[in-house]
Amino acid sequence: MSIQQSKLKNHLINDDCLLGLKGLPEDSVELVLTDPPYNLGAHMKSRGSGVHRLRSNHFSTCDWDNVDEDHWEQNISGLATELARIVKDGGAVLMFMSVLKVAVIKSIFERAGFYYKTTGTWHKTNPMPRNMNLSFVNSTESWIYFTKGKVSGTFNNNGSVFHDFIESGLTPRSEKKFGKHPTQKPLKIMKFFVSLLSREGDTILDPFCGSGSTLVAAKQLKRQYIGIEINQEYSAIAIKRLEDTSIC
């Protein structure tokens, strides 16, 4: 059963991503901005990367980032199919992803009918210097940008040039005062994409909303939002952040 239109806006659904998406109406969202599981846990363990020494909530030790690869691809395919139904023509999907998975994501979303625009890079200016004496410090993540039904969509550049490369520090402590998420994205980055790829009043969807950075960015920029998060602890953090009047 779909969510009533009156309840569609500014809504957080505590459920599995694919189940939550099935309840959303067709052509109801202008922008999807999300950070799905990269499924790198098994890869890191196979390389002897010392994950046993990492903090207990490091992404590579979490169940949601450590599933069978075929199962992960099936889930991403289901995600693409549902988003093709939900996103309006001219709308966009931008998702963060490991560079190792970019080709797979591109192929899956193109099969679902999305138009591939570009792959960009987020450079973290203050990454943890893990293994600095052994190799290059991991300081980047990729993001992939698609449009639905058209080769271009909303792009509020106002005549300015925007490169496919963005920089920021890691999420500051002030944005984690209600609790921590192992892959929480900084508001600065999420607000950049919300501002550039949508208009005031548009509906922004994050089907893996975690602690709610996308939703808070949407609220601050006068957009509507829908979040889906299966973990009750992270959902509770997102709700507290959205209710925090000091940031909105």
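Bear in mind these aren't lab numbers, they're just calculated from the coordinates by the rules spelled out. As the structure is a prediction and not an experimental result, all values here were calculated from the model. Cβ sites come from the backbone with ideal geometry, for glycine too, and all protein chains shown count toward neighbours.
Kindly express, to the nearest 10 degrees and within the range 0 to 90, the angle between helix 102-111's C-alpha long axis and the longest C-alpha principal axis of the chain.
30
Which of Thr183, Thr214, Thr125 comes first, and how do the rest follow, when ranked by fewest Cβ neighbours within 10 Å?
By the 10 Å Cβ count, ascending: Thr125, Thr183, Thr214.
Points 7 angstrom from Cα along the Cβ direction at Asp16 and Ile166: gap in nanometres?
Inter-label distance under the simple model: 3.1 nm.
If you stretched the chain out fully between Val151 and Lys176, how much longer would it get, using 0.36 nm times the residue separation minus the C-alpha to C-alpha distance?
Extending this stretch completely gives an extra 5.3 nm.
So how tilted is helix 232-243 from the main axis of the chain? Cα-based, degrees 0 to 90, rounded to 10.
So the inclination is approximately 60 degrees.
Which option, (i) 17.8; (ii) 18.4; (iii) 13.4, is the value of mean projected area of the Cα convex hull in nm² that was calculated from these coordinates?
Identified label for the calculated read-out: (iii).
Put +1 on the Cβ of every Lys and Arg and -1 on every Asp and Glu Cβ in the chain; which of Leu197, Ala84, Ser160 then has its Cα farthest towards the positive end of the dipole?
Ser160
If I fit a long axis through the Cα atoms of helix 69-86 and take the longest principal axis of the Cα atoms of the chain, what angle between them do I get, 0 to 90°, rounded to 10?
20
Rounded, prolate or oblate: pick one for region 209-248, where a ≥ b ≥ c are the square roots of the eigenvalues of its C-alpha gyration tensor, a/c under 1.5 means rounded, and failing that, prolate if a/b is larger than b/c, else oblate.
oblate
Measuring from centroid to centroid over Cα atoms, what is the spacing of region 83-131 and region 169-223 in Å?
16
Of Val99, Tyr115, His71, which is farthest along the charge dipole of the chain in the positive direction, counting Lys and Arg as +1 and Asp and Glu as -1 at C-beta?
Checked the options; the winner is Val99.
Would you work out the relative contact order for the chain, in percent, from Cα pairs under 8 angstrom that are 6 or more residues apart?
Dividing the mean separation by the residue count of the chain yields 25 percent.
Just to be sure I understand the model, the point goes 7 Å from the Cα along the line to the Cβ. What's the resulting Arg199 to Thr245 distance in nm?
Calculated label separation equals 3.2 nm.
Under a crude label model (7 Å from the Cα following the beta-carbon direction), how far is Val102 from Asn133 in nanometres?
My value for the distance between the label points is 3.2 nm.
Find which of Asn131, Trp143, Leu12 sits farthest along the positive direction of the dipole of the chain, computed with +1 on the beta-carbon of Lys and Arg, -1 on that of Asp and Glu, about the Cα centre.
Projecting each Cα onto the dipole axis, the largest value belongs to Asn131.
About the Cα centre of region 112-248, what is the dipole size in debye to 20, counting +1 per Lys and Arg Cβ and -1 per Asp and Glu Cβ, all else neutral?
Here the size comes out at about 140 debye.
From the helices alone, meaning DSSP H stretches of at least four residues, give me the mean residue ellipticity at 222 nm for the chain, per-run term -39500 (n - 2.57), in deg cm²/dmol to the nearest 500.
So the calculated ellipticity at 222 nm is -8500 deg cm²/dmol.
Looking at this model, which pairs from Lys88/Lys150; Lys101/Lys191; Lys101/Lys188; Lys148/Lys222; Lys117/Lys150 are more than 19 angstrom apart at the alpha-carbon?
Beyond 19 Å: Lys101/Lys191; Lys101/Lys188; Lys148/Lys222.
Under unit Cβ charges (Lys, Arg +1; Asp, Glu -1), what dipole magnitude, rounded to 20 debye, does the chain have relative to its Cα centre?
I would put it at about 740 debye.
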